[in-house]
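Since the structure comes first, as structure tokens, the remarks are kept for the end.
The values are calculated or read from the model by the stated rules, or taken from the named source; none is laboratory data. Computed from a prediction, not measured in an experiment: that's the story for all the values here. Cβ sites come from the backbone with ideal geometry, for glycine too, and all protein chains shown count toward neighbours.
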Amino acid sequence: MRFRTALVAPAVLALFVASGASAQPKPPASAPAPSAKPSAAPAPAAKPSSTATDVAAQVQKAYVTINAYEADFTQQYVMKAFGQTKTSKGHVLFVKPGKMRWDYTEPKDNVVVSDGTTLWSYVASDKQARKMMVKDSQMPTALAFLTGKGDLGKEFNLELMDTKQLKFEGGYVLKATPKAATNLYNYVLFYVDGSTYHVRRVLIVDGQDNRNRFDFEKPVVNGKVDDSKFKWSPPAGVSVTTN
């Protein structure tokens, strides 16, 4: 389960996090580098008359101007059947078109990285790496949306949830259920800022009601990125699986 979580969750997250995010609707804890543009602070309560289609369209629009995104993240994975919760932390980086890198500090040295063509997932404690072509993974839809070519309305059935009940007042919670069945998840909740329409939190729920939640802090958009970060090779002695 540890290996599956490391690979699959970032693949799903590629769908939306390029818009900028944080754990709660609040400004970044510290100022970003001068060369980067910080994600805008959240605004007062969202307009109650908005529909799920309206919100999705605004989220879609927000992606157009974002070419690079990075943030610290906390991942909380709840395995319902066993009553277990696993918490992981690290730093994520996305760059159009289709490049991403997840560096985990907890568990230490785990990595998920893609140069847009090849996807690597590495579990340091097991000394195991998995390599696949992006086109052969379940990522193409996610990567298409990341590059601004996807369409939430076409790929998901959308519904606005009760933000008061979900303790996210001042924004929207958009439930997205994939129109094409996938074994990765049943639906995704996008926690959307009411002014910027940036995604602030993500909750992924699968068929067994396991819950994979990502909170983002210190987001930076359109910062300078070293392209070498998306090139990765397994360390010596690591077992590599391909498919």
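A few points about this structure:
- Residue check for PHE216: out of contact with any helix residue (DSSP H, G or I) (no Cβ under 6 Å at 6 or more places or on another chain) and part of a strand (DSSP E or B): yes
- Filter pass, LYS218 being under 19 Å from the mean Cα position of the chain (by Cα), modelled with pLDDT under 90 and of a type outside the set (A, V, I, L, M, F, W, C): yes
- Residue match in segment 66-86 (condition: closer than 24 Å to LEU152 by Cβ, surrounded by fewer than 19 Cβ atoms within 10 Å (Cβ to Cβ) and at pLDDT below 85): no
- The criterion of being touching a residue at least 60 places away in the same chain (Cβ under 8 Å) and within 28 Å of ASP151 (Cα to Cα) holds for ARG101.
- If the condition is being of a type in the set (Val, Ile, Thr) and at pLDDT 90 or above, then segment 119-139 contributes only VAL123.
- Residues located in segment 150-175, provided they are within 19 Å of GLN60 (Cα to Cα) and modelled with pLDDT of 90 or more: ASN157, LEU158, GLU159, LEU160, MET161, GLY171, TYR172, VAL173, LEU174, LYS175
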